[in-house]
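As structure tokens, the structure follows; a few thoughts come after it.
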Amino acid sequence: MTKLHDKIAQAKKRRARREREGKVVSAPQVKLRATTGEQNRMTQQHPRILLKIEQTLVAVGTEVGADDADVDTAIRAILERKPTVRGAAQQLAESLNPSQLQFSCDEETWHAGLRVIYRSVTTRSKCRRGDTDYLDYATRFVANAAKG
């Protein structure tokens, strides 16, 4: 047990030294899922933002034949500020640009909305290729919202 503890301590020291020397760059962690408090705040204060995101995901997702894995990839790419791979996920990510949607809100509020939707995606789906559990739910939700 002592040997393992010593090896871990040495590895931590090596990593810290490499970071100081600039050889290892630690990427900051990006928060992907909304907390319950953030979800409640967004639902109460910004329901139009959440609805707009879901409407866009449903409309573009249907048009390009996306699945839940594409939705997951697109939202992750936006929140992590990384380019998506390609295909349906890329088209979803491009469509979720608030300026392109002619929707005005600050970037942090928009990202909070995306985190709330991402939480919904990962709650309702395993986000595997071919899964459409979330998109099916969102389609019903958007249709009901349009009625009421």
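The values are calculated or read from the model by the stated rules, or taken from the named source; none is laboratory data. No experiment lies behind these values; they were computed from the predicted model shown. Here the Cβ is made from the backbone with ideal geometry for all residues, glycine too, and neighbour counts use every protein chain on show.
Quick rundown of the values:
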quantity: Cβ-Cβ under 7 Å pairs, at least 6 apart or on other chains, region 125-148 side without any contact (Cβ under 8 Å) to a residue 24 or more places away in the chain, far side buried (at least 16 other Cβ atoms within 10 Å of the Cβ); calculated: Tyr137/Arg124
quantity: Sole residue being β-branched (Val, Ile, Thr) and touching a Phe, Trp or Tyr at 6+ places or on another chain (Cβ under 7 Å), chosen from Val30, Val116, Val64, Val121; calculated: Val121
quantity: Odd one out for Val116 among (1) more than 14 Å from Ala138 (Cβ to Cβ); (2) under 11 Å from the mean Cα position of the chain (by Cα); calculated: (1)
quantity: Unmet criterion (only one of (1) in a loop (DSSP other than H, G, I, E, B); (2) of a type in the set (Val, Ile, Thr); (3) within 14 Å of the chain's Cα centre (by Cα)) for Val121; calculated: (1)
quantity: Failed item, numbered, when Ser125 is tested on (1) in contact with a helix residue (DSSP H, G or I) (Cβ under 8 Å, 6 or more places away or on another chain); (2) within 18 Å of Lys82 (Cβ to Cβ); calculated: (2)
quantity: Single unsatisfied condition, Asp70 versus (1) touching a residue at least 24 places away in the same chain (Cβ under 8 Å); (2) over 22 Å from Gln45 (Cβ atoms); (3) among the charged types (D, E, K, R); calculated: (1)
quantity: Of residues in region 134-148 being surrounded by fewer than 14 Cβ atoms within 10 Å (Cβ to Cβ) and either modelled with pLDDT of 95 or more or among the hydrophobic types (A, V, I, L, M, F, W, C) (or both), the one nearest to Leu50 (Cα to Cα); calculated: Ala145
quantity: Residue in region 82-89 that is surrounded by fewer than 17 Cβ atoms within 10 Å (Cβ to Cβ), at pLDDT 95 or above and over 14 Å from the mean Cα position of the chain (by Cα) present; calculated: no
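Quick grid of which residues meet (1) outside any helix (DSSP H, G or I); (2) at pLDDT below 95; (3) over 30 Å from Glu108 (Cα atoms):
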| residue | (1), (2), (3) |
| --- | --- |
| Asp6 | no, yes, yes |
| Lys12 | no, yes, yes |
| Arg18 | no, yes, yes |
| Lys23 | yes, yes, yes |
| Gly37 | no, yes, no |
| Val58 | no, no, no |
